[in-house]
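Written below as structure tokens is the structure these notes are about.
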Amino acid sequence: MSDAAAGSAIELRQLTKVYKAKEGDVRAIDALDLQVERGEIFGLLGPNGAGKTSTVEICEGLEEPTSGEVRILGRSWGEDSQGIRERIGVSLQETKFFEKLTVLELLELFASFYAKPMPLPELLALVGLEEKATQRYQNLSGGQCQRLAVACALIGYPDLLFLDEPTTGLDPQSRMRLWEVISSFREGGGTLLLTTHYMEEAATLCDRLMIIDHGRCIALGSPKQLIAELGAGHVVSLEAPGIGERLQAAELSSLASVRESTSLGDELNLTVEEPHVALPAILSLLREKNIELAGLSTRHVSLDDVFVHHTGRHLRDEEPRK
Ligand SMILES: Nc1ncnc2c1ncn2[C@@H]1O[C@H](COP(=O)(O)OP(=O)(O)O)[C@@H](O)[C@H]1O
Ligand SMILES: [Mg+2]
């Protein structure tokens with residue numbers, strides 16, 4: 001077996017990236033270890049500023065790490081950058097193409113970079129842009145631009161594909177189309193590193209994912225595993241002014257079927273095993289304490305709850321950078 005055929009698709013060891021800035025240094029990635037196996041759809045999930053793009057751009061050879069080791073498809077960038085480049089596909093967080101070129105002209109341009117590009121009719125069908133082939137880039141919708149960027153990433157039959165927030169800002173229909181493109185890439189045996197701040201996207205698409213915050217791994221596993229680690233299947237969310245200070249964690253977690261409580265200001269989240277058992281106990285405690293609720297909801301545990309569990313913040317609080 002050749003060196004390049006051995007090993008994981010991506011191996012990062014103690015990866016660190018510090019940006020020098022006037023206001024002070026920014027530690028965007030902080031001693032991150034990451035291993036993505038071949039054939040995996042691996043997700044980096046985290047809020048804005050977590051270090052996702054920095055990580056991906058180092059893997060793509062577009063940014064230099066401050067320290068740490070990077071191996072892509074068994075090689076390092078210093079050793080064989082051409083070899084890596086031929087086997088990866090990249091779609092950046094933001095892509096700008098020539099405004100006046102048509103979809104077909106842009107794809108022809110990208111096809112010319114590869115010895116054996118995917119036939120363009122096949123590629124257009126894959127990303128659902130057949131009807132837009134003769135449209136200029138400047139007249140495409142956001143979803144169509146994003147699918148075109150993914151088409152450019154797929155054109156050289158990459159073994160390893162990087163998609164940085166491919167569905168941010170897209171309407172639900174465009175998002176579904178991109179999810180289909182990703183599924184068909186997976187069926188062909190490709191490896192994908194995907195970043196997203198959408199927990200549903202990570203839960204639906206990824207075999208495994210790493211939740212990152214401040215450049216550090218806070219949880220790693222399959223979506224199912226991460227959710228199972230919370231030890232309860234449901235969340236009861238209570239809203240009342242200052243509720244987090246008015247109830248003690250210990251008295252909450254001693255209630256029937258309640259596992260854990262997390263206070264988020266005027267919101268209190270309880271992970272519970274059986275809502276029908278926990279709710280009467282919760283309501284009776286609230287009556288005892290004279291706490292009037294402004295709202296109560298129950299839901300299945302999600303990856304957002306995993307994030308809340310580790311950080312005390314919601315993933316959804318932070319809006320993506322435009
Ligand atoms: N070129 C840069 N110079 C200075 N700081 C940067 C630069 N690029 C990113 N950062 C900072 O590094 C952190 C991580 O950014 P990024 O990797 O883009 O996160 P994400 O993709 O998860 O939103 C943020 O605090 C961001 O402001
Ligand atoms: Mg980013």
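We did not get these values from a lab; they are worked out from the coordinates using the rules stated. Note that the structure is predicted; figures quoted are calculated from it, not measured. No Cβ is skipped: glycine too gets one built from the backbone with ideal geometry, and neighbour counts run over all protein chains shown.
Scalar couplings 3J(HN,Hα) for the stretch 143-154, obtained by applying the Karplus form with A = 6.51, B = -1.76, C = 1.60 to θ = phi - 60°, are x, 5, 4, 5, 5, 5, 4, 5, 4, 5, 6, 8 Hz; x denotes Gly and Pro. Hey, what angle do you get for helix 275-288 against the long axis of the chain, alpha-carbon based, 0 to 90 degrees rounded to 10? Approximately 50 degrees, to the nearest 10.
For the stretch 147-208, the dipole from Cβ point charges (+1 on Lys and Arg, -1 on Asp and Glu) about the Cα centre works out to 100 debye, to the nearest 20. Percent of Cα pairs in the stretch 140-273 per distance bin of 5 Å, from zero to the largest separation: 2, 9, 15, 15, 14, 13, 10, 8, 7, 5, 2, 0.
Convex hull volume per residue, computed on the Cα atoms of the chain, equals 163 Å³.
Taking the Cα centre of the stretch 3-226 as reference, the dipole from Cβ charges on Lys and Arg (+1) and Asp and Glu (-1) amounts to some 160 debye.
Extent of the stretch 244-322 along its three principal axes (Cα atoms, max minus min coordinate, largest first): 47, 23, 20 Å. Candidate cross-link partners of LYS52 among the lysines, defined by an alpha-carbon separation under 27 Å and a same-chain spacing of 8 or more, comprise LYS17, LYS20, LYS22, LYS96, LYS224, LYS322. For the stretch 91-141, pairs of C-alpha atoms spaced more than 14 angstrom apart make up 54 percent of the total. Using only Cα atoms, find the angle between the long axis of helix 77-87 and the longest principal axis of the chain, and express it within 0 to 90 degrees, rounded to the nearest 10. It is inclined by approximately 80 degrees.
Over the stretch 231-300, what is the relative contact order in whole percent, taking alpha-carbon pairs under 8 Å and six or more residues apart? Please list the in-between numbers first.
Working: 130 pairs, mean separation 31.1, N = 70.
Computed value for the stretch 231-300: 44 percent relative contact order.
Sequence-distant contacts, meaning Cα pairs under 8 Å at least 6 residues apart, place the relative contact order of the chain at 19 percent.
Ellipsoid fit via the Cα gyration tensor, the stretch 65-201: semi-axes of 25, 18, 14 Å, each the root of five times an eigenvalue, largest first.
Kirkwood Rh over alpha-carbon pairs of the stretch 1-123, then Stokes-Einstein at 10 °C and 1.306 mPa s: what D in µm² s⁻¹, rounded to an integer? It comes out at roughly 96 µm²/s. Under a model in which nothing but the beta-carbon of Lys, Arg (+1) and Asp, Glu (-1) is charged, the stretch 236-322 shows a dipole of about 100 debye around its Cα centre.
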